[in-house]
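As structure tokens, the structure follows; a few thoughts come after it.
Bear in mind these aren't lab numbers, they're just calculated from the coordinates by the rules spelled out. Quick caveat: nothing in here was measured; it's all calculated off a predicted structure. Using ideal geometry, Cβ is built from the backbone for each residue, glycine included, and neighbour counts are taken over all protein chains shown.
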Amino acid sequence: MFIINCPYCGEREQSEFKAGGEAHIERPKQPTELSDDQWAEYLFMRKNIKGIQFERWVHVHGCRKWFNMVRDTTNDQIHAVYKMGEKPPIK
Amino acid sequence: MKNKYSIFSLFKNALTDHENWQRAWRDPEPKKEYDAIIVGGGGHGLATAYYLAKKHNLRNIAVLEKGWIGGGNTGRNTTIIRSNYLWDASAGLYDHALKIWEGLSQELNYNVMFSQRGVMNLAHNLQDVRDLKRRTHANRLNGVDAVWLSTEEVKKFCPIINTSPNIRYPVLGGTLQKRAGTARHDAVAWGYARGADEMGVDIIQNCEVKGIKRNGDTVEGLETTKGFIKTKKIGVVAAGHSSVIANMAGLKLPLESKPLQALVSEPVKPIIDTVVMSNAVHAYVSQSDKGELVIGAGTDDYVSYSQKGSHDIVEGTLHAILELYPIFSRMRMLRQWGGIVDICPDASPIISKTPIKGLYFNCGWGTGGFKATPGSGDLFAHTIANDEPHKLNAAFNINRFVSGDLVDEHGAAAVAH
């Protein structure tokens, strides 16, 4: 359990949020042109990183807005929180 | 040659204060080269090595474990064994495992304490009733034993369940698989380790894999904390860390690693002689031979390798436990822990070759891998030895995420996904 700093509401308990998985996976621009391999890559394949991961969260029991987070998956420490559409503040 | 465990050896060793028991397995240094290497010394990995040696006569093999054997998810699960899965492919896979469980203690000469005390799955709403009845029929068509129980029969089978119609999620019935049950999880790892070691398998603990050496599309060996080890075949059975190993070979897997928690209570006298699972309210409970209630909670929804889960997950599970078993309301929980489980999008495992020659993966068991340990080892050994899957694990190939031929067991099977 950890505290998440929602970019809209401030610090709240993690139980108010829902994780939405890996961030910055772009929806295919031409879905009809995609091969099966590309569909599999988009839909199913995940980096599942042990270390610094970029991911999406939603404040489901709060403002209900989506945002991005940089979190170390080895110890659940949050390094940054940033809004949808913004560039990650950490490389 | 290992000394056989028996009542006589127990008696003999009792006379010498149990100080002269033979080591159950050696502690060898890695050789320069092996015919095959298994990465991961949990139940599945050790079983794989055991069957590679026993059925496929591969004796120059090693199991590499970064910690100690059975110290990962093998020692962290709630030890439930069942095969009442909905789809044909899953029923085939898990019932294959269950059949091996039934003779495993004899085969290994190691008491894995397999206890066929039955697993009951409860229905709490009309959709549960429909789903579970459907699953019962599907199971029986596949030769897997299953019966539907009315609310009264549920109460009779496990009297401490609150079957009052006035609770928030009343019990509307349930299914029972009588051949299902539990086993001692550590003993499974130790029994397979002892058996594999006897056939010459090197079990190398405290040896972490740091890299996979490739020549084009073929594996050449492993970089480890104990130096480079040459091999032509690598079987990865690394559970939560499968993606980390895959990444070393430049592969991406359809997995997410998440914390799954469990807890045990203080030990009490026998009160529940079966396993009861409830999908809808997410509560499952059994009692260990020591008398502790063994309770499984759910997964967190975020990726983590921390082996720690959220408190609210445990709280939610205990709420459900208390509503179903008011008798437990003043019991104290003794320990709580987390393990990292690798979950596939279709909640079914991967036992498969990969695009890289000589590299095999056995992963994606998610929240329910323990029950499959013997079957998983047997089928993975077959896949590695023959470079072809067995017909029972053919459907669990990695390519199903490209072809779309998924084995969707999400929710269909029971709780625990």
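Pairs of Cα atoms under 8 Å, at least six residues apart: use those to get the relative contact order of segment B:202-335, whole percent.
Details: 206 pairs, mean separation 25.6, N = 134.
RCO, segment B:202-335: 19 percent.
Which residue, A:66, A:39, A:57, tops the fluctuation ranking in a GNM of chain A built on C-alpha contacts under 10 Å?
Looking only at A:66, A:39, A:57, the largest GNM fluctuation is found for A:39.
Ignoring chymotrypsin sites (Phe, Trp or Tyr not before Pro) that are buried or in helix or strand per DSSP, and keeping those with at most 13 other beta carbon atoms within 10 Å, what is the longest stretch of chain B between them?
Here the longest segment lacking exposed loop sites spans B:69-417.
If we count other beta carbons within 10 Å of each Cβ, what is the order of B:153, B:388, fewest first?
B:388, B:153
Take the residue pairs A:47/B:371; B:99/B:178; B:2/B:32; B:210/B:230; B:99/B:290 and return only those whose Cα atoms are more than 23 Å apart.
A:47/B:371; B:2/B:32; B:99/B:290
Across peptide B:251-260, how many C-beta atoms of other chains are within 10 Å of each residue C-beta, on average?
Whole-number average of other-chain Cβ neighbours for B:251-260 is 4.
Taking amide H atoms as placed 1.01 Å from N in the peptide plane, list the residues 5 or more away in sequence, or in a different chain, whose amide H sits under 5 Å from that of residue B:221.
For residue B:221, the qualifying residues are B:213, B:231.
Using only C-alpha atoms and all pairs of different ones, pull out the Kirkwood radius for segment B:14-133 in Å with one decimal.
It works out to 17.8 Å.
Pick out, in residue order, every one of the trypsin sites (Lys or Arg not before Pro) in segment A:1-73 that is DSSP loop and has at most 11 other C-beta atoms within 10 Å; say none if there are none. Can you show the working numbers first?
Details: sites: A:12, A:18, A:29, A:46, A:47, A:50, A:56, A:64, A:65, A:71; in loops: A:29, A:47, A:50, A:64, A:65.
For trypsin sites (Lys or Arg not before Pro) across segment A:1-73 that sit outside H, G, I, E and B with at most 11 neighbouring Cβ atoms in 10 Å, the list reads A:29, A:64.
Give the long-range amide H neighbours of residue A:79: residues separated by 5 or more places, or on another chain, with amide H under 5 Å away, using H modelled in the peptide plane at 1.01 Å from N.
A:70, A:71, A:72
Pick from B:111, B:57, B:397: which residue has the top mean-square fluctuation in a GNM of chain B where Cα pairs under 10 Å get a spring?
Per the Cα network of chain B with a 10 Å cutoff, B:57 tops the list.
Quick check for me: using +1 on Lys/Arg Cβ and -1 on Asp/Glu Cβ, what's the dipole size of chain A about its Cα centre, in debye to the nearest 20?
Here chain A has a charge dipole of around 260 debye.
Leaving out same-chain residues fewer than 8 places away, which lysines sit with a Cα under 21 Å from that of residue A:83?
Within the straight-line limit of under 21 Å, residue A:83 reaches these lysines: A:18, A:65, A:91.
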